[in-house]
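The values are calculated or read from the model by the stated rules, or taken from the named source; none is laboratory data. Computed from a predicted model, the values in this text were never measured in an experiment. Quick reminder, even Gly has a Cβ in these numbers, built from the backbone with ideal geometry, and neighbours come from all protein chains shown.
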């Protein structure tokens, strides 16, 4: 007699429960991935039997998760905004708090959806921010920049899967090669965790690309570089949006004011943490 869906889900090891508080949900995601079905199917057909290879694959995926590998890398995808992205260890896993950056950008540009604008996403990774903005208006031309050629391959593949064509990809370090006075909004989710921070050796972060996470100067070095490099390429009254760490609000505000930006404002994420600072270039 084979193993049913209900029985397979009951085989979750206690070690997975130690890895994640969402262990039950994650076990369902992994089994649905193996069965090429939805989680709803698992509840609709609990007595359905798995084939031998399916059970073997499911148990192998459970073991990977028990070792701490992020579930998004295991299944190769992650939900973001109103779509799904392909992800792999070459890119950061898009997080819900980064959706705040998209929400603020769309709020700032709310009255200009029918206007041809040029937008930039610095350090695009999987393309999450760039694709969310590009999908909002076909009239917006988005440039997605990353120093990693491997990351750009992932982002370009996501654009292809989502049929987004008002986006271009550029392999560069931050603003290198971008047009002077050329952009209406620049968004960035750069590395902002301090080098050596203990959290880099915990949880999912252990498996994600360190170059996309950690920065010198207590996590501020890349943020400061972006602030300076964006000045000559932003149009007058254009916006710069920066995701940052929970304790970097004041430092960023000082850097932005010192660099000549105005209307500096910090927004909190859904957990009430200072997460996103916006500023307007008026020189």
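Data table
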{"read-out": "Those residues of segment 160-184 which are within 19 Å of residue 278 (Cα to Cα) and surrounded by fewer than 16 Cβ atoms within 10 Å (Cβ to Cβ), in sequence order", "value": "181, 182"}
{"read-out": "Residues satisfying the stated conditions in segment 255-270, i.e. closer than 15 Å to residue 103 by Cβ and either in a helix (DSSP H, G or I) or out of contact with any helix residue (DSSP H, G or I) (no Cβ under 7 Å at 6 or more places or on another chain) (or both)", "value": "265, 268"}
{"read-out": "Segment 254-283 residues that are on the phi > 0 side of the Ramachandran plot, paired with ones that are not in a loop (DSSP other than H, G, I, E, B) (beta carbon under 7 Å, 6 or more apart)", "value": "263/279; 263/280"}
{"read-out": "Test: residue in segment 210-232 that is in contact (Cβ under 8 Å) with a residue 24 or more places away in the chain, in the same structural domain as residue 102 (by TED's automatic domain parsing), within 18 Å of residue 125 (Cβ to Cβ) and in a loop (DSSP other than H, G, I, E, B)", "value": "yes"}
{"read-out": "Which listed residue, of 91, 102, 87, is in the same structural domain as residue 168 (by TED's automatic domain parsing), surrounded by 18 or more Cβ atoms within 10 Å (Cβ to Cβ), out of contact with any strand residue (DSSP E or B) (no Cβ under 7 Å at 6 or more places or on another chain) and under 14 Å from residue 155 (Cβ atoms)", "value": "91"}
{"read-out": "Filter result (in contact with a strand residue (DSSP E or B) (Cβ under 8 Å, 6 or more places away or on another chain), in a helix (DSSP H, G or I) and under 13 Å from residue 106 (Cα atoms)) within segment 123-151", "value": "129, 130, 131, 132, 133, 134, 135"}
{"read-out": "Elements of type helices (runs of 4 or more DSSP H) contained in segment 1-68, each with 1 or more residues being in contact (Cβ under 8 Å) with a residue 60 or more places away in the chain and over 21 Å from residue 202 (Cβ atoms)", "value": "none"}
{"read-out": "Checking residue 153 against (1) touching a residue at least 40 places away in the same chain (Cβ under 8 Å); (2) crowded, with 21+ Cβ neighbours inside 10 Å, the condition it does not meet", "value": "(2)"}
{"read-out": "Yes/no for residue 250 being assigned to a helix (DSSP H, G or I) and loosely packed, with under 13 Cβ neighbours inside 10 Å", "value": "yes"}
{"read-out": "Among the residues listed as 269, 274, 237, the single one being surrounded by fewer than 15 Cβ atoms within 10 Å (Cβ to Cβ) and touching a strand residue (DSSP E or B) at 6+ places or on another chain (Cβ under 8 Å)", "value": "237"}
{"read-out": "Which listed residue, of 132, 187, is within 19 Å of residue 226 (Cβ to Cβ), surrounded by 24 or more Cβ atoms within 10 Å (Cβ to Cβ) and touching a helix residue (DSSP H, G or I) at 6+ places or on another chain (Cβ under 6 Å)", "value": "187"}
{"read-out": "Residue within segment 35-56 that is more than 11 Å from residue 8 (Cα to Cα), within 26 Å of the chain's Cα centre (by Cα) and surrounded by 15 or more Cβ atoms within 10 Å (Cβ to Cβ) present", "value": "yes"}
{"read-out": "Residue that is modelled with the lowest pLDDT [pool: residues in segment 198-209 that are surrounded by fewer than 13 Cβ atoms within 10 Å (Cβ to Cβ) and part of a helix (DSSP H, G or I)]", "value": "199"}
{"read-out": "Residue list for segment 105-115, filter: farther than 24 Å from residue 152 by Cα and either touching a residue at least 60 places away in the same chain (Cβ under 8 Å) or outside any helix (DSSP H, G or I) (or both)", "value": "108, 109, 112, 113, 114, 115"}
